[in-house]
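Values in this text are rule-based calculations from the coordinates and carry no lab data. Only a predicted model underlies this, so the values are computations on that prediction, with no experimental measurement involved. Reconstructed Cβ throughout: ideal geometry from the backbone, glycine too, with neighbour counts over all protein chains shown.
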């Protein structure tokens, strides 16, 4: 008997030793199964079609490892100058405190950043719908040629897989596009847009303090997406793009943020997928259309020049106004050329916003102080926005900005904006 027991003990299968590790991916830890730690995606996640946390950690190294820990609890974002100014400052140190104190009118739910992020584990069916809509429809509404279509349909969504700010912002824009297409579900889609915009803005603001050659393109695209979302959210009372009733305009702050990124990292931003497209559209131009529409515009702005010459004693001020008007006339000429060759209206975005991008800060200060002559010049820019009425995210902005100008203008100057107002009323 003793020999039998000895035999059984000697023939028991011994447990094979194995390397113990706690470095498995998040999904395997959750399921309490062994992870083979294969990177960038472990075998278990590959088999179950899950987003492996190894891939997230790997691709976000250039951004996420530099981020400060955040334990903020906040409500979904609604546009507020107090928060958008962080984009201009390019700093994240004070963001957390300001974000917790923001008052909101959003109908979205609270988001707890302390909790494990489900977004890093999987994409919900709702988000998948938004992502799908962006790559099959929304992308085509924000681009005017094949090159930029590829950028917005292929490259930017791919970046979004790795960069949280881009991911959430394209979902926010897609959701607003759906709210435009399906008005009966507007509240639902706007709520989703607010939720995604909350995370998108939080992510991009945090990394602004760590802007460098590795992150400049992703941060630039994020700020461009924020501008798109701002327009798509629709006009807001007291906000008129370049000036507002309550100090600096929110959108102008955004533009300054974009400008600071471009000026500090131009060579790194506009390269690779973001390199300027050298292709041009060869179409016959109708010179009569250009001439007829430009003559009246030029005539009225020349009268404005005369007024400036008479009313402004400072040579510096006169030079600034004349420079702004010269640039505006060049913008008008380019708008007419693009319209005469039937360029997609969304293609006017870069031309029209380019003028706001280039106007000097001193002129913006005059607008913010609601100086009448500056507002009159702005009215001639605002009337050009009517050519973008067919673009879903620009609907209503031309009339809204002009109404803000009219309400802010001294009565004796109202005659100077009658012609731009009349042009808005024309089809």
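Using 0.36 nm per residue and subtracting the Cα-Cα separation, the extra length available between residue 390 and residue 161 on full extension is 79.4 nm. Based on alpha-carbon atoms, the Kirkwood radius and the radius of gyration of region 199-283 give Rg/Rh equal to 1.04. For residue 34 and residue 425, a Förster radius of 60 Å and the Cβ-Cβ distance give a FRET efficiency of 0.25, rounded to the nearest 0.05. Is any residue of region 333-348 close enough, with backbone N under 20 Å, to a label point placed 7 angstrom from the Cα of residue 140 along the Cα-Cβ axis, and if so, which? Under 20 Å, as judged by backbone N against the label point of residue 140, lie 342-348 of region 333-348. Shown here are the Rg and Dmax of the Cα trace of region 323-427, at 13.5, 39 Å.
Say each of residue 214 and residue 295 gets a label point 7 Å from the Cα, pointing the same way as Cα to Cβ; how far apart are those two points in nm? Distance between the two pseudo-spin positions: 6.0 nm. Sorting 410-418, 351-359 by average packing, meaning the other beta carbons within 10 Å per residue, from highest down gives 351-359, 410-418.
Using the average count of surrounding beta-carbon atoms within 10 Å as a protection proxy, the listed peptides 300-307, 138-145 rank, highest first, as 138-145, 300-307.
Counting neighbouring beta carbons within 10 Å and listing from fewest to most, the residues 332, 389 come out as 389, 332.
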